[in-house]
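First up is the structure itself, then whatever we jot down about it.
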Amino acid sequence: MRHVITALVMNEPGVLAHVAGMFSARGFNIDSLVVGRTDDPNFSRMTIVVIADERTLDQVRKQLGKIVTVVRVRDYKESPFVARDLMLVKLSAPPKVRSEVIELAGLFRGRVVDVGQNTIMVELSGEEDKLDAFVELVRPYGIRELARTGVIAMARGAEAVRSTGSEDPRPATGASPLARREPLARRQPSQAELEATPPG
(Lines give C-alpha, C1' and ligand atoms only; values in the text may rest on other atoms or scores of the structure.)
Protein backbone atom coordinates (compact mmCIF):
# COMPACT_ATOMS: atom_id res chain seq x y z
CA MET A 1 0.00 0.00 0.00
CA ARG A 2 1.22 3.50 -0.83
CA HIS A 3 1.67 5.95 2.05
CA VAL A 4 2.59 9.63 1.99
CA ILE A 5 4.84 10.98 4.77
CA THR A 6 6.05 14.54 5.31
CA ALA A 7 9.18 15.33 7.32
CA LEU A 8 10.39 18.78 8.33
CA VAL A 9 14.20 18.68 8.40
CA MET A 10 16.97 21.10 9.30
CA ASN A 11 19.00 22.62 6.47
CA GLU A 12 22.32 20.94 7.16
CA PRO A 13 24.86 19.22 4.90
CA GLY A 14 24.12 15.55 4.23
CA VAL A 15 20.53 15.47 5.52
CA LEU A 16 19.06 14.12 2.27
CA ALA A 17 21.82 11.51 1.96
CA HIS A 18 21.27 10.50 5.59
CA VAL A 19 17.51 10.00 5.15
CA ALA A 20 17.89 8.21 1.79
CA GLY A 21 20.64 6.04 3.27
CA MET A 22 18.38 5.05 6.15
CA PHE A 23 15.68 3.91 3.72
CA SER A 24 18.17 2.01 1.59
CA ALA A 25 19.92 0.32 4.52
CA ARG A 26 16.63 -1.03 5.86
CA GLY A 27 15.21 -2.06 2.51
CA PHE A 28 12.26 0.35 2.55
CA ASN A 29 10.70 0.80 -0.88
CA ILE A 30 10.63 4.52 -1.78
CA ASP A 31 8.27 5.42 -4.63
CA SER A 32 9.31 9.09 -4.58
CA LEU A 33 11.24 11.50 -2.35
CA VAL A 34 10.93 15.26 -2.85
CA VAL A 35 12.80 17.97 -0.93
CA GLY A 36 12.06 21.68 -1.11
CA ARG A 37 12.46 24.92 0.80
CA THR A 38 9.86 26.23 3.24
CA ASP A 39 9.01 29.76 4.36
CA ASP A 40 11.70 29.35 7.07
CA PRO A 41 15.21 29.24 5.54
CA ASN A 42 16.41 27.07 8.43
CA PHE A 43 14.19 24.16 7.40
CA SER A 44 13.31 22.09 4.36
CA ARG A 45 10.31 19.85 3.80
CA MET A 46 10.56 16.27 2.56
CA THR A 47 7.60 14.45 1.05
CA ILE A 48 8.18 10.70 0.91
CA VAL A 49 5.92 8.16 -0.79
CA VAL A 50 6.59 4.62 0.40
CA ILE A 51 5.18 1.25 -0.58
CA ALA A 52 4.70 -0.52 2.75
CA ASP A 53 2.41 -2.50 5.00
CA GLU A 54 1.34 -1.20 8.43
CA ARG A 55 4.30 -2.75 10.25
CA THR A 56 6.85 -1.32 7.83
CA LEU A 57 5.16 2.10 7.88
CA ASP A 58 5.47 2.19 11.67
CA GLN A 59 9.19 1.37 11.36
CA VAL A 60 9.64 4.16 8.81
CA ARG A 61 8.08 6.72 11.16
CA LYS A 62 10.21 5.55 14.10
CA GLN A 63 13.47 5.54 12.12
CA LEU A 64 12.79 9.03 10.73
CA GLY A 65 12.08 10.26 14.25
CA LYS A 66 15.50 9.01 15.40
CA ILE A 67 17.42 11.14 12.92
CA VAL A 68 18.75 14.21 14.73
CA THR A 69 18.11 16.62 11.87
CA VAL A 70 14.46 15.55 11.44
CA VAL A 71 12.32 17.99 13.44
CA ARG A 72 8.80 16.67 12.76
CA VAL A 73 7.24 13.71 10.97
CA ARG A 74 3.66 13.60 9.67
CA ASP A 75 1.99 10.64 8.02
CA TYR A 76 -1.24 11.16 6.09
CA LYS A 77 -2.50 7.65 6.62
CA GLU A 78 -6.10 8.47 7.53
CA SER A 79 -6.41 12.26 7.39
CA PRO A 80 -7.53 14.18 4.28
CA PHE A 81 -4.76 15.81 2.29
CA VAL A 82 -3.96 17.36 -1.07
CA ALA A 83 -1.21 15.77 -3.18
CA ARG A 84 0.21 17.09 -6.45
CA ASP A 85 2.82 16.04 -8.97
CA LEU A 86 4.38 18.22 -11.68
CA MET A 87 5.49 16.94 -15.09
CA LEU A 88 7.32 18.30 -18.11
CA VAL A 89 6.99 16.15 -21.23
CA LYS A 90 8.53 16.78 -24.65
CA LEU A 91 6.61 15.19 -27.52
CA SER A 92 7.18 14.64 -31.21
CA ALA A 93 4.71 17.04 -32.79
CA PRO A 94 5.23 17.96 -36.45
CA PRO A 95 2.88 20.64 -37.76
CA LYS A 96 0.26 18.16 -39.01
CA VAL A 97 -0.44 16.77 -35.49
CA ARG A 98 0.54 19.76 -33.35
CA SER A 99 -3.02 21.03 -32.93
CA GLU A 100 -4.11 17.59 -31.68
CA VAL A 101 -1.41 17.58 -28.99
CA ILE A 102 -2.27 21.12 -27.92
CA GLU A 103 -5.96 20.16 -27.68
CA LEU A 104 -5.13 17.13 -25.52
CA ALA A 105 -2.98 19.28 -23.24
CA GLY A 106 -5.86 21.73 -22.87
CA LEU A 107 -8.30 18.97 -21.93
CA PHE A 108 -5.98 18.03 -19.07
CA ARG A 109 -5.46 21.69 -18.12
CA GLY A 110 -1.86 21.46 -19.23
CA ARG A 111 0.20 24.31 -20.64
CA VAL A 112 2.46 24.44 -23.68
CA VAL A 113 5.78 25.91 -22.50
CA ASP A 114 7.98 25.35 -25.54
CA VAL A 115 7.52 24.69 -29.25
CA GLY A 116 10.23 23.46 -31.62
CA GLN A 117 10.18 22.71 -35.31
CA ASN A 118 8.94 19.17 -34.69
CA THR A 119 8.48 19.05 -30.94
CA ILE A 120 6.28 20.50 -28.25
CA MET A 121 6.80 20.64 -24.48
CA VAL A 122 3.82 20.44 -22.12
CA GLU A 123 3.70 21.31 -18.43
CA LEU A 124 1.07 19.45 -16.43
CA SER A 125 0.32 19.28 -12.70
CA GLY A 126 -2.22 17.36 -10.66
CA GLU A 127 -2.74 13.98 -9.07
CA GLU A 128 -0.53 11.13 -10.24
CA ASP A 129 -3.40 9.28 -11.96
CA LYS A 130 -4.12 12.33 -14.09
CA LEU A 131 -0.51 12.61 -15.23
CA ASP A 132 -0.32 8.88 -15.92
CA ALA A 133 -3.46 9.07 -18.07
CA PHE A 134 -2.04 11.96 -20.10
CA VAL A 135 1.22 10.08 -20.70
CA GLU A 136 -0.66 7.07 -22.07
CA LEU A 137 -2.76 9.25 -24.38
CA VAL A 138 0.22 11.07 -25.91
CA ARG A 139 2.54 8.06 -26.06
CA PRO A 140 1.52 7.23 -29.68
CA TYR A 141 2.81 10.67 -30.78
CA GLY A 142 6.26 9.81 -29.43
CA ILE A 143 7.69 10.89 -26.10
CA ARG A 144 11.11 12.49 -26.56
CA GLU A 145 11.74 13.26 -22.89
CA LEU A 146 9.81 13.22 -19.63
CA ALA A 147 10.54 14.52 -16.12
CA ARG A 148 8.37 14.47 -13.00
CA THR A 149 9.01 16.15 -9.66
CA GLY A 150 7.37 13.49 -7.51
CA VAL A 151 4.55 14.04 -5.04
CA ILE A 152 4.24 16.96 -2.64
CA ALA A 153 1.44 16.89 -0.08
CA MET A 154 -0.26 19.02 2.55
CA ALA A 155 -3.06 18.30 5.02
CA ARG A 156 -6.44 19.90 4.42
CA GLY A 157 -7.81 22.39 6.95
CA ALA A 158 -5.91 24.30 9.63
CA GLU A 159 -3.41 21.59 10.54
CA ALA A 160 0.18 22.47 9.58
CA VAL A 161 3.61 20.91 9.93
CA ARG A 162 5.76 23.65 11.45
CA SER A 163 9.08 23.90 13.28
CA THR A 164 7.30 25.55 16.22
CA GLY A 165 4.21 24.50 18.14
CA SER A 166 1.84 26.43 15.87
CA GLU A 167 -0.02 23.55 14.26
CA ASP A 168 -3.73 23.07 14.91
CA PRO A 169 -4.01 21.48 18.39
CA ARG A 170 -7.14 19.61 17.28
CA PRO A 171 -5.99 16.93 14.81
CA ALA A 172 -8.50 15.51 12.33
CA THR A 173 -10.46 12.48 13.53
CA GLY A 174 -8.49 9.33 12.92
CA ALA A 175 -5.36 11.26 11.95
CA SER A 176 -2.04 9.68 12.74
CA PRO A 177 -0.18 11.51 15.52
CA LEU A 178 2.36 14.15 14.59
CA ALA A 179 5.80 13.22 15.85
CA ARG A 180 6.80 16.27 17.86
CA ARG A 181 10.32 17.34 18.62
CA GLU A 182 11.61 20.63 19.93
CA PRO A 183 13.44 22.68 17.28
CA LEU A 184 17.18 22.12 17.45
CA ALA A 185 19.90 24.69 17.19
CA ARG A 186 21.83 24.57 13.94
CA ARG A 187 25.04 22.62 14.28
CA GLN A 188 27.68 20.97 12.17
CA PRO A 189 27.40 17.15 11.90
CA SER A 190 29.89 15.18 13.95
CA GLN A 191 32.74 13.24 12.37
CA ALA A 192 30.97 9.96 13.20
CA GLU A 193 27.79 11.13 11.43
CA LEU A 194 29.77 12.23 8.38
CA GLU A 195 31.51 8.86 8.19
CA ALA A 196 28.16 7.06 8.51
CA THR A 197 26.56 9.11 5.72
CA PRO A 198 26.56 7.14 2.43
CA PRO A 199 28.25 8.80 -0.56
CA GLY A 200 26.07 10.97 -2.84
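Here are the numbers for this structure:
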| quantity | calculated |
| --- | --- |
| Test for Ala17: is it outside the structural domain of Met121 (by TED's automatic domain parsing) and without any contact (Cβ under 8 Å) to a residue 60 or more places away in the chain | no |
| Boolean, Val73 is modelled with pLDDT of 90 or more and outside any loop (DSSP other than H, G, I, E, B) | no |
| Selected residue (only one of Val82, Val97, Val112 is within 15 Å of Val161 (Cβ to Cβ) and at pLDDT 90 or above) | Val82 |
| Meets criteria (modelled with pLDDT of 85 or more and either surrounded by 14 or more Cβ atoms within 10 Å (Cβ to Cβ) or more than 26 Å from Glu127 (Cβ to Cβ) (or both)) for Leu57 | no |
| Residue tally, condition closer than 18 Å to Asp75 by Cα, aliphatic (A, V, I, L, M) and in a helix (DSSP H, G or I), over region 11-61 | 5 |
| The lone exception for Asp132 - which of (1) within 22 Å of Val35 (Cβ to Cβ); (2) exposed (fewer than 14 other Cβ atoms within 10 Å of the Cβ); (3) among the charged types (D, E, K, R) it fails | (1) |
| Test: Gly27 is within 30 Å of Phe108 (Cα to Cα) and small (Gly, Ala, Ser) | no |
| Qualifying residue in region 47-58 (condition: touching a Lys or Arg at 6+ places or on another chain (Cβ under 8 Å), on the phi < 0 side of the Ramachandran plot and touching a residue at least 60 places away in the same chain (Cβ under 8 Å)) | yes |
| Filter pass, Leu184 being crowded, with 17+ Cβ neighbours inside 10 Å, touching a strand residue (DSSP E or B) at 6+ places or on another chain (Cβ under 7 Å), at pLDDT below 75 and not hydroxyl-bearing (Ser, Thr, Tyr) | no |
| Candidate set: region 1-18, residues that are under 16 Å from the mean Cα position of the chain (by Cα) and within 16 Å of Thr56 (Cβ to Cβ); chosen: the one surrounded by the fewest Cβ atoms within 10 Å (Cβ to Cβ) | Arg2 |
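Results for (1) touching an Asp or Glu at 6+ places or on another chain (Cβ under 6 Å); (2) farther than 27 Å from Leu8 by Cα, shown as yes or no for each residue.
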position: Val113; (1), (2): yes, yes
position: Ala133; (1), (2): no, yes
position: Leu137; (1), (2): no, yes
position: Ala147; (1), (2): no, no
position: Val151; (1), (2): yes, no
position: Arg156; (1), (2): no, no
position: Ala160; (1), (2): yes, no
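The values are calculated or read from the model by the stated rules, or taken from the named source; none is laboratory data. Because the structure is a prediction, the values reported are computed rather than measured. Using ideal geometry, Cβ is built from the backbone for each residue, glycine included, and neighbour counts are taken over all protein chains shown.
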